[in-house]
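To start, the structure under review is shown below, and the notes come after it.
The values are calculated or read from the model by the stated rules, or taken from the named source; none is laboratory data. Bear in mind that the values here come from a model prediction, so they are computed numbers and not experimental data. Note that we place each Cβ from the backbone using ideal geometry, even for glycine, and neighbour counts take in every protein chain shown.
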Amino acid sequence: MSYRRSMEQLRPARTQKIDLQEKVQSLLTEGKGAATKMEGVISACINNHKLKGVSYENAMLKDPIVKDFMSSADVGQFGRGVFKGRDKKAKITAFKKFGDVLQKVTKVHTADAGFGQSKPSISKPWTDVTGKTSDTSKADILVGSFKTSVKGPMAQLMSGEKKEAKATILAACEASGIGSELRNELLGLVDQFVENTKTIGADVTSGALKKMSTADVKKLDQKLLKQKKIDTLKDGNAEVKKILDNQTKTKMAIQESFAKAFGDKKLGPAFAMEAMTGYEKFGGKSNPKEPAGDPMGEATHMLVWNYNMAQAKFFKINSAYASKAAKQMSIKPDLKSNSYQGVVNGKKQKLGYSFYQAMRVSVEQKFGSEMKDITESYYDTIYEQKMLLSEGLIDEGALMDKLSNLWNNVKEKFIQAWNWLLAKIQQIRDFVVDAIFGSLPEALNAFEVDVDVTVNSTVKL
């Protein structure tokens, strides 16, 4: 069966709102909007790298994204151990050093952060599945002439709801030439993903509903019926609970099937390649007879930077890289939720929670441990200085001065790392206190445990 014929018409995808629960996670991961800010910072560091002294400082301070980043960099992991408690001059110096790192790996002097902000058109087969005609570009910035995806060390390659997941699977199957049996198995599993399901009741989160007994849910629905908040019992929460319970039961089947699929030497790399590049989504390469999308949405390269801004990697996304990623790649089909509102007696109120299932694919780009690198460098330098002393190239006074300065530098770096950890703990504590004592419904929402059909989604590269 051809890729085109296997595509089916589905309803357009819906969008997701950010719920309070995700705010806790953002304290330890990339914050909302922070990734976009970092794309601008990276571009500014590359574009201004040739400038020196005051000229460099002025250029960086005039950049609106850099200014925004400097004022908010203490939140989240971005720039950790670099900006905390530092003055403006120290921050500019940190940007300059980061620019040196970027120049070393990219070897270019121009970048365009606005490149990936548009939504290019997508291919006709992809439209047939998702209902979309355009979507967010896989390329975030233009590094020199390279369409580049920018990722932190924990990189999410894709996060797609049911129809987006199906389109990616179909594209990977077409590219790999995989048989219809495995393709249909995977599509069947994705067909079980939840779409646009709602609880009824301001305090009825999906996590709370999952913990309730069937009898308690029926009592709740009877109460809602008497309050005229639902028209029939079929409109209540009993059916929603069945869906939640069923998703828990299908967890292992989804895990095992996708693990098997990505173990295939052809399908795994094909899926990884599509998730990273949007090769079929935007380019429509495997279906020349069908209208293609805008190839400007494809990513050809990846720039990965470490949160300490001391390390970065820049490379072309090719088949070899995709194969390497696929060996460890797995899927995390999360059930995402957010509250929804309505007008009751002329007043806007929270009516309940809506949720749907999405497929997340992530990779972890492993950098050398910063602390390990520091300690190893420390011992290497000591050994080097000892050899110089034994060869009569330095005296004992020079050796002691060198070692004293070296120790102070190492000590400062360890202190920075420790202070960053303490700051994170304080932020989480403050958030917990505010959530609980500020608003009980918000607190319940913040710490809700949704149905989470989880597969390890980390790929160590």
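Couple of notes before you dig in:
Okay, residues lined up against (1) in contact with a strand residue (DSSP E or B) (Cβ under 6 Å, 6 or more places away or on another chain); (2) under 30 Å from Gln103 (Cβ atoms):
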position	(1), (2)
Gly297	no, yes
Thr300	yes, yes
Lys324	no, yes
Leu351	yes, no
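- From the list Glu185, Glu274, the lone residue that is farther than 17 Å from Ser159 by Cα and not β-branched (Val, Ile, Thr) is Glu185.
- Top-ranked residue in the stretch 199-225 [being of a type in the set (D, E, K, R) and surrounded by fewer than 18 Cβ atoms within 10 Å (Cβ to Cβ); ranked as nearest to Gly236 (Cα to Cα)]: Lys218
- Tallying residues that are within 18 Å of Lys285 (Cα to Cα) and crowded, with 24+ Cβ neighbours inside 10 Å within the stretch 148-174 yields 7.
- Flag for Thr93 being buried (at least 18 other Cβ atoms within 10 Å of the Cβ) and out of contact with any His (no Cβ under 6 Å at 6 or more places or on another chain): no
- Members of the stretch 153-198 found to be within 21 Å of the chain's Cα centre (by Cα) and of a type in the set (S, T, N, Q), listed by number: Gln156, Ser159, Thr168
- The set of residues from the stretch 114-128 being among the aliphatic types (A, V, I, L, M) and farther than 18 Å from Glu298 by Cβ is empty.
- Given (1) part of a helix (DSSP H, G or I); (2) in contact with a Phe, Trp or Tyr (Cβ under 8 Å, 6 or more places away or on another chain), number of the condition Ala208 does not satisfy: (2)
- For the stretch 265-278, the set of residues classified as crowded, with 24+ Cβ neighbours inside 10 Å and either more than 23 Å from Val150 (Cα to Cα) or among the hydroxyl-bearing types (Ser, Thr, Tyr) (or both) consists of Leu267, Thr277, listed by residue number.
- Restricting attention to the stretch 30-53 and to residues that are of a type in the set (A, V, I, L, M, F, W, C) and modelled with pLDDT of 70 or more, the residue that is farthest from Leu157 (Cα to Cα) turns out to be Leu51.
- Taken together, the criteria exclude Glu239 from residues that are touching an Asp or Glu at 6+ places or on another chain (Cβ under 8 Å) and part of a helix (DSSP H, G or I).
- When the stretch 175-207 is filtered for residues that are touching a residue at least 60 places away in the same chain (Cβ under 8 Å) and among the acidic types (Asp, Glu), the ones remaining, listed by number, are Glu185, Glu195, Asp203.
- Residue that is nearest to Tyr307 (Cα to Cα), among those in the stretch 54-89 that are among the small types (Gly, Ala, Ser) and at pLDDT 90 or above: Ala59
- Total residues in the stretch 103-117, condition assigned to a helix (DSSP H, G or I) and more than 25 Å from the chain's Cα centre (by Cα): 1
- For the criterion of being at pLDDT 70 or above and either touching an Asp or Glu at 6+ places or on another chain (Cβ under 6 Å) or surrounded by 15 or more Cβ atoms within 10 Å (Cβ to Cβ) (or both), Ala435 fails.
- Filter result (among the small types (Gly, Ala, Ser), without any contact (Cβ under 8 Å) to a residue 40 or more places away in the chain and part of a loop (DSSP other than H, G, I, E, B)) within the stretch 313-335: none
- Residue selected from the stretch 109-127 under the condition of a type outside the set (Ser, Thr, Tyr) and surrounded by fewer than 20 Cβ atoms within 10 Å (Cβ to Cβ), by the criterion farthest from Lys281 (Cα to Cα): His109
- Test: residue in the stretch 10-29 that is more than 30 Å from Glu290 (Cα to Cα) and at pLDDT 55 or above: no
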